Amino acid sequence: MRISLLSVLPGPARATLRVLTVSLCTLPIFSTVAGAEEREALRDLFFGAAMFHAHQENYFDAIVALDTELAQFHRLDEPELDPFSAHLGQAEFSVGDLELSYRMHREAGRAIEAVLKGNVSRSVRNEAAYRLARIHYHKQQPVNALHALEWIEGRVPERVRAQEQFLRARVFMQLGRFDEAVELLKDLKGEESLAGFIEFNLGIAQLKSGEEARGILELTALGKKRSSELAEQALYDKTNLLLGAYLMEAGELQRARPYFDRVNLKGPFSNRALLGAGWAEAHAGRYERALVPWKMLQNRKGTNESVQEAMLAVPYAFGKLDVHSTAAIHYGRALDSFGSEIDTLTASIHSIREGKFLQALRRKEATQVQHWVVALRNLPNAPETHYLLDLMASNDYQAFLHNYRDLNDLYERNEAWLKSLSAYEDIIRHRRAYYDPLLPKLDAQFRKLDARIKLRLEQRDTFAGRIEQMLVSRRPEYLATADEQAVSLALRELHRQLAQNPQGFTEVTRSRVARLQGVLDLRLSTEYDQRLTQAYKHLQELNGEIEQLQGVYQSYVRSRQAATHSYTGYNQQITRLRAQIRNHQQRLAILMARQGSMLEALAIEELERRRTQLESYQIKARFALADSYDRANALQEQREDQRKIEQYREAQPESLPDDNPSELEASEGGDT
C-alpha cells in the first residue's frame, strides 16, 4: 500500500509547489500605515483615535472615524488652522489601506486612483501607484498590479521602498518571471522589516527558475533558524517541510529526512512533517525507523488528515515487517477511529444544514478573541466546528467567513442603532413633557425683561443725545438735579406771572425772584464741568446695566432655543434614519443569507469530502485487516506445524538411519 506523498505538502490544495510561492509571502496590509503613523508626532486626537481602532483591527470604526474627520475638514473655512491638517495626506492614504483591510477593494482603488489623477507631487503619486498595485495584487490580478507599478517614476518614499520592491518581486513570481524576481529579492536581502519572507520567496523563485542548488541552499539556511516568536518559527517550519517534500518527490530520500526532523514538534506543520519523515524512511525500505514518527503522529488528534493517514501507515509498516498480528490490532483501532469520525462528520453535516454552524460563527464569545476561528473549536455543543480549522485551509473560505462575520457585525450595529433611535424618541418625549409647562411662565417673565430693556435703551439714547449736544454747546439746564428742575419750573412760572401782571407784585418780590434765578444759574454754571463729567460716568454705568440686561436676554434666548431645539425638529429626521436603517437591514439580511448559504455549501462539500476519504480509508482498513488476519493465521498455522514436527522428532526413541544397511545394499547388488 502506498499513501500519497502530496499530503505532506502545505497549503490548501496540497497539490503543487506553486501554492507555496504565494502562501507565506504576504505581510499584513496595515503594516505600512502603522509604521508611517509611528514616525510622525500625533497632533490630532481624533486621528489618533481612528488609528487606535485600526491597530485593534476594528477597521469599520477606523474608516467611519476617518471619513467623518475628512468630511468635516473639507467643510472648514480655514482648514489650515485645524491640527488634523498635519495628518491629512496620511489620513487619505490610510482610508484606502483600511478599506483594503476591510476587503473594500473597489472603494480603496477609487480613492487611490483619485490621488493619482490629482495635482500631487511625484513622491505622493509613486506611493499611490504602489498602493493601487497592492490592491490589484490582493485581488489576484497580477497583470493589473504590474501596470500600476509601471506608473512609478523615480524612487518611491523611503518608508515604502522595500515593500514596493517586495511587491514587485511577488508580482513577477505570479506572472512566472522568476529570474526577474530573483534579482529583486537579492537586492532586498538584509531588510529587517521583511526578514524571513525575502529568503523564503527567493528560495522558491530560484527553485522555479532552474537554480535548484541555490534555492535549496537559501531555504536550508532559512530553515535552520530558530525563534521564540510563533509566527517566525512557523515560517522556518514551513520552509523545512517544503524542502523535505521537494527532495522526497525528487527521490532524494536521504537528503529529505533531516528537513522533516527540523520541524518543531509543537508547531502547526508538525503533523505533516512527521508523516513525511515516516514516508521518507518507508520509501527507503526502513520500516522500523518509519514507525517512530508515525506512532508519534498516531496518538495525536484524530481529526487531522495526517493523523488519519498515519493510522493506516503504522499497520502498513508492521505488515511489511511481517508482524501481522500487531498490524491487525492497529487496523482495528483505525477502523474504530474512522467510524467515530465518520459519525462526527455526519452529525456536523446535519448540524450545518440545521443552521447551527452559522449560529456558531455569530457567537460573541468566539469573535471577541484575537484567534476567533481557533476558538470556535472549543465552543460546547457545536459539532459543526469540529473540522473548522481544516476548512480554513482555503483563502476563499476565510474571505467568506470574514465577510459573513462583518455582515453580521453591521447587522447587529444597525439593530443597536434602531434601539438608539427609540431611546432618542424617549428622551425627546421626556424633554417635551418637562419644558412645555415651563415655557409660558418663562415667556411672561421674558416680556417684562424685554420691556425693561427697551425702557433703559430709550433712557440711554436720550441721555447720550443730550451729552453729545453739551459737547458742542453748553446746556447747563440739562445737568440740573430734580430739585433744581422743580425750582426752575417754579421760577419760570413766577416770571410768567410777573410778566403778565407787573403791578401785582412788589419790587421786593421781583428782586427775590431775580436773586433766586441768579443763584440757580450761578450754581449750574459753576458746577457745569463737574456735573458733565459725572453725567458721562453715569452714562457708562447705564451702558453697563444695559449690557448686563442684554446678556440676560441673550442667555434666555439661547436657553430657550436650546430647550426647544432639544425636542423639536427631530421627528422627520429620525423617521428618515429609521427607514434607511431598515432598508439596509433588509439588504444585509439578503447578503448574509447568500454568504451563509455559500459557507454552508462549502463546509458541507468539504466535510463530505473528508467523510468520503474516511470511508475509503475504512474500506482499505477492512481489507487490510482481513488480509492481516489471514497472514497472521497462515503464519500461526505454519508455526504450529513446525512446532508439531519438532515435538514429533523429540518423541522418537532413536532417529531413523539416513542410509541403507550394508547387507541390504549387498543383496540388492547380487540380485542385479
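What are the extents of the Cα atoms of the stretch 129-274 along their three principal axes, in Å, largest first?
Principal-axis extents of the Cα atoms in the stretch 129-274, largest first: 49, 33, 27 Å.
With label points built 7 Å along Cα→Cβ from the Cα atoms of E150 and S228, find their separation and express it in nm.
Roughly 4.9 nm, to one decimal.
When all protein chains stay in place, what accessible area (Å², nearest 10, 1.4 Å probe) is found for D521?
Number for this one is 80 Å².
Just need log10 I(q)/I(0) for the stretch 568-608 at q = 0.21, 0.32 Å⁻¹, Debye formula, equal scatterers on the alpha-carbon atoms, no solvent, rounded to two decimals.
Each listed q corresponds, in turn, to -0.68, -0.93.
How far apart, in nm, are two points set 7 Å out from the Cα along the Cα-to-Cβ line at S121 and at L421?
Taking the simple label geometry, S121 and L421 are separated by 4.6 nm.
With a Förster radius of 51 Å, plug the Cβ-Cβ distance of R466 and T68 into 1/(1 + (r/R0)^6) and report the FRET value to the nearest 0.05.
Working: r = 58 Å, r/R0 = 1.13.
Given R0 = 51 Å and the Cβ-Cβ separation, E is 0.35.
So how much slack lies between V508 and R159, counting 0.36 nm per residue of separation and subtracting their Cα-Cα distance, in nm?
So the extension gain works out to 114.7 nm.
Roughly how many nanometres apart are two label points built 7 Å out from the Cα toward the Cβ at E354 and Y478?
Inter-label distance under the simple model: 9.9 nm.
How do L76, L98, L407 stack up against each other in accessible area, from largest to smallest, with a 1.4 angstrom probe?
These residues rank, largest area first, as L76, L407, L98.
Summing +1 for each Lys or Arg and -1 for each Asp or Glu, what net charge is found among the other residues whose Cβ lies under 9 Å from the Cβ of N126?
Residues close to N126 contribute a combined charge of 0.
Net charge within 12 Å of L421 by Cβ-Cβ distance, Lys/Arg positive one each and Asp/Glu negative one each, not counting L421 itself?
+1
For R609 and I453 in one chain, what is 0.36 nm times their gap in residues minus the Cα-Cα distance, to one decimal in nm?
47.3 nm
Greater than 23 Å separation of Cα atoms is the criterion. Which listed pairs, K225/K301; K189/K238; K301/K620; K320/K620, meet it?
K225/K301
With r as the distance between the Cβ atoms of D627 and E288 and R0 = 25 Å, compute the FRET efficiency 1/(1 + (r/R0)^6) and round to 0.05.
Plugging the Cβ-Cβ distance into 1/(1 + (r/R0)^6) gives 0.75.
Among L549, T564, Q530, whose Cα lies farthest out toward the positive end of the dipole of the stretch 524-564, if unit charges sit on the beta carbon of Lys, Arg (+1) and Asp, Glu (-1)?
Farthest towards the positive end: T564.
Give the accessible surface of the stretch 134-187 per residue, rounded to a whole number of Å², with probe radius 1.4 Å and ligands, DNA and RNA excluded.
48
Considering only protein heavy atoms, what is the solvent-accessible area of H584 at a probe of 1.4 Å, reported in Å² to the nearest 10?
About 80 Å², ignoring ligands and nucleic acids.
Going 7 Å from the Cα of E650 along its beta-carbon direction, which residues of the stretch 608-642 have the amide nitrogen within less than 17 Å of the resulting point?
639-642
For the stretch 123-185, just say rounded, prolate or oblate: build the C-alpha gyration tensor, square-root its eigenvalues into a ≥ b ≥ c, call rounded for a/c under 1.5, and beyond that prolate if a/b exceeds b/c, oblate if not.
Verdict is oblate for the stretch 123-185.
For the stretch 483-489, what does the Karplus curve 6.51 cos²θ - 1.76 cosθ + 1.60, with θ = phi - 60°, yield as ³J(HN,Hα) per residue in whole Hz, taken in order and with x for Gly and Pro?
Ordered by residue, 3J(HN,Hα) equals 5, 5, 5, 5, 5, 4, 5 Hz.
Keeping every protein chain in place, order T344, T239 by accessible area at 1.4 Å, biggest value first, i.e. largest first.
Accessible-area ranking of T344, T239, largest first: T344, T239.
First measure r as the distance between the Cβ atoms of A579 and R432, then evaluate 1/(1 + (r/R0)^6) with R0 = 22 Å and state the FRET efficiency to the nearest 0.05.
That pair, A579 with R432, gives E of 0.45.
Determine the share of the stretch 204-362's accessible area contributed by carbon and sulfur atoms, expressed in whole percent, with a 1.4 angstrom probe. Let's see the in-between values first.
Numbers: 3190 of 6650 Å².
Within the stretch 204-362, the accessible surface is 48 percent carbon and sulfur.
What does the accessible area of S228 come to, in Å² to the nearest 10, when a probe of 1.4 Å is used?
Number for this one is 110 Å².
Would you please state the base-10 log of I(q)/I(0) at q = 0.16, 0.20, 0.23, 0.25 1/Å for the stretch 269-346, with intensities from the Debye formula using one equal scatterer on every alpha carbon?
For the stretch 269-346 at q = 0.16, 0.20, 0.23, 0.25 Å⁻¹, log10 I(q)/I(0) is -0.53, -0.80, -1.00, -1.12.
For the stretch 388-468, with all protein chains present and a 1.4 Å probe, just round the carbon and sulfur fraction of the accessible area to a whole percent.
Carbon and sulfur atoms account for 53 percent of the accessible area of the stretch 388-468.
The values are calculated or read from the model by the stated rules, or taken from the named source; none is laboratory data. Keep in mind that what you see is a predicted model, and the values were worked out from it rather than measured. So basically every Cβ, Gly included, is an ideal-geometry build from the backbone, and we count neighbours across all protein chains shown. Note: accessible area is taken over every heavy atom of the protein model, side chains too, but ligands, DNA and RNA are not part of it. Shrake-Rupley method; radii C 1.70, N 1.55, O 1.52, S 1.80 Å.
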